[in-house]
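Following: one structure in structure tokens, then a few remarks.
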Amino acid sequence: MTSSTPGVAVFVDYDNVVIDARSASFPLSFRRLKETLREFGNVLFAYTFVSPSSSRHETVAILTEAGFFVVACPMATKDKDSVDTKIGWLARAHLEYSSEVQKIVIVSRDNDFRDLVDFAKDRGKSIVFFDVLQERERIEGQDTLSQLVDSRRLVQFRNALEHCKNGHPGPLCTDPDTETRVQFLQDIISHLTA
């Protein structure tokens, strides 16, 4: 890395940017976002922080394929997740302890991170706030998974469905979860054919 190309750490507030994009009626491509963020320098770290409600398997897989490390954040209080706290803590750690990181890019329209600007300046580093609404044309698009890896539960459900479709009345296996799925599907099938 040359001195003209700063090392960058990226912090994306997933829920915040997705809500902003949806409110502006456009799908946000995290692959295009990652590519756009490279214009700020050599992206050494790229984190996306997700709330409990957003940490679904497919979301995590799409973000991972786009080149982000996904940080699942628990609830901080009854009504608030800990995303902002986790972003602030990890950004400070990079500013304080990483000599390679010269710039932090925060992808969020949330004003909770403004205090990081002085923290960064005191260390000879900088903070950039990336607004998805202002960069819509560059990051609009739909991400799809190149190959969705089936979770164990999805495999069990598909096996249970196949078991029912083939008309096998007996138990599929000794796994209670799968047996419950088989019974559920058999109930649906019998209700639909009645």
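The values are calculated or read from the model by the stated rules, or taken from the named source; none is laboratory data. Note that the coordinates shown come from a computational prediction; the quantities given were computed from them, not determined experimentally. Cβ atoms come from the backbone with ideal geometry, glycine included; neighbour counts cover every protein chain shown. These accessible areas exclude ligands, DNA and RNA; they are computed on the full protein's heavy atoms, side chains included. Shrake-Rupley method; radii C 1.70, N 1.55, O 1.52, S 1.80 Å.
Annotations for the structure displayed:
- Here's how it looks for residue 12: its modeled amide H is under 5 Å from those of 47, 48, 49, 107, which are all 5 or more places away or on a different chain.
- For segment 51-110: relative contact order, % (alpha-carbon pairs under 8 angstrom, 6 or more apart): 24 percent
- Solvent exposure of segment 1-140, expressed per residue, is 52 Å² of accessible area, with all protein chains present and a 1.4 angstrom probe.
- Distance from segment 1-37 to segment 55-121 (C-alpha centre basis), Å: 12 Å
- Whole-Hz ³J(HN,Hα) from phi, Karplus 6.51 cos²θ - 1.76 cosθ + 1.60, for segment 59-68, glycine and proline x: 4, 4, 5, 5, 5, 5, 5, 6, x, 9
- Taking only the Cα atoms of segment 1-103, the ratio Rg/Rh comes out at 0.99, with Rh defined as the Kirkwood radius.
- Around the Cα centre of segment 1-67, unit charges on the Cβ atoms of Lys, Arg, Asp and Glu (plus for the first two, minus for the last two) sum to a dipole of about 100 debye.
- Additional length obtainable on full extension of the chain from residue 22 to residue 53, 0.36 nm per residue less Cα span: 9.5 nm
- Here the Karplus relation 6.51 cos²θ - 1.76 cosθ + 1.60, evaluated at θ = phi - 60°, turns the backbone of segment 123-133 into coupling constants of 10, x, 10, 9, 10, 10, 9, 9, 9, 5, 6 Hz, with x for every Gly and Pro.
- Site pair residue 119 and residue 188 shows an inter-label distance of 4.7 nm when each label is modelled 7 Å from Cα along Cα→Cβ.
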